[in-house]
Amino acid sequence: MQSSQIHGSLEDEAERLHEKADRASRAQNVEQRVSIAKKDIRRVTSALADLNQSIRDLQFYTGILTEVFDQPQPAQVDDATGRALGVVDITDEELLEEADEGRLMSIKDDIDQAEDAINDAKTTVQEEIDGHVERWRDDINSARELDRIISGGNSEFSQVLYNMDNFLTSDIDNPTNTPSGLASRWERLKASWDEEGGKQGWEAFKSEYDLSDSTVRKLRKFTEQKSVNLSEFTVDNLEEIKQVSDLESAIKLRIDSS
């Protein structure tokens, strides 16, 4: 009888230990699932933050293109933005439900793909902006060459050129500025540019004073050498220069033949 009781007690104890181990195992599995879910949620949250920043960057550069340079918004921007908004439209409750089902990494993949689309659209917009910037820089550099001859680079127009170059180099690439504010500044800079008329660059100057290509080539050489040998100018070149008072008083011609 005693042996039977002992045997029964051992079986009961074994069952209790088995149940305890079972509960411990389940608890450990739950802890692992919770740990994995937390890591996945952090990854998704980080991906959403990156996507949000990319969207803000795209909005900024799109504003530069449309408001500063008055160009239409590429269709790619709407497509990428729509895709991104569809991905970020998820509530905390839905996020937790997906975490419970172990599907968060699928959501992160969707977020990453949406960010790729946003960044591709941003690249397209920036390339269009770069095209406008390069065209303006060519004009500014040309105007600067001419201004160096006429004023030695110390005129009010020199400051306008500096401000325009600085605007195109750094201001439109600084997200702390607003596209609307930049657009207003650019309009003021262009108004100052327009006031200078024929000093806007060699083509405008050539047209206004009816200069020949030969004379313009010699004048542009002067910007590099500071003075040009008199023998390099033809009589026609000199006659054209004499008709422009700013040029006649600014140019120093060497008489020596060296």
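The values are calculated or read from the model by the stated rules, or taken from the named source; none is laboratory data. Quick caveat: nothing in here was measured; it's all calculated off a predicted structure. Note that we place each Cβ from the backbone using ideal geometry, even for glycine, and neighbour counts take in every protein chain shown. Ligands, DNA and RNA are excluded from the accessible area calculation, which covers all protein heavy atoms including side chains. Shrake-Rupley method; radii C 1.70, N 1.55, O 1.52, S 1.80 Å.
Within the group Val125, Val88, Val77, Val68, which residue is open to solvent by 40 Å² or more (accessible area, probe 1.4 Å) and among the aliphatic types (A, V, I, L, M)?
One residue alone meets the criteria, Val88.
Looking only at region 106-124, count every residue that is of a type in the set (D, E, K, R) and under 21 Å from the mean Cα position of the chain (by Cα) and tell me the total.
Within region 106-124, residues that are of a type in the set (D, E, K, R) and under 21 Å from the mean Cα position of the chain (by Cα) number 5.
Identify, from the list Asp147, Asp139, the residue that is touching a residue at least 40 places away in the same chain (Cβ under 8 Å), within 30 Å of Val216 (Cβ to Cβ) and either outside any helix (DSSP H, G or I) or open to solvent by 30 Å² or more (accessible area, probe 1.4 Å) (or both).
The match here is Asp139.
If His18 meets every condition in (1) at pLDDT below 85; (2) open to solvent by less than 100 Å² (accessible area, probe 1.4 Å) apart from one, which number is that one?
Status for His18: all satisfied but (2).
So how many residues does region 156-199 have that are among the β-branched types (Val, Ile, Thr), open to solvent by 50 Å² or more (accessible area, probe 1.4 Å) and part of a helix (DSSP H, G or I)?
1
Can you name the residue in region 195-234 that is among the aliphatic types (A, V, I, L, M) and modelled with pLDDT of 75 or more and, of all such residues, is farthest from the chain's Cα centre (by Cα)?
Restricting to residues being among the aliphatic types (A, V, I, L, M) and modelled with pLDDT of 75 or more, the top hit is Leu211.
Which one is least open to solvent (accessible area, probe 1.4 Å) among residues in region 235-258 that are part of a loop (DSSP other than H, G, I, E, B) and at pLDDT below 65?
Ile251
Can you report the number of residues in region 111-122 which are under 21 Å from Leu95 (Cβ atoms) and crowded, with 18+ Cβ neighbours inside 10 Å?
Residues flagged as under 21 Å from Leu95 (Cβ atoms) and crowded, with 18+ Cβ neighbours inside 10 Å within region 111-122 amount to 4.
For region 40-55, what are the residues that are over 13 Å from Ile118 (Cβ atoms) and in contact (Cβ under 8 Å) with a residue 40 or more places away in the chain?
If the condition is that a residue be over 13 Å from Ile118 (Cβ atoms) and in contact (Cβ under 8 Å) with a residue 40 or more places away in the chain, then Asp40, Ile41, Arg43, Val44 are the ones that fit.
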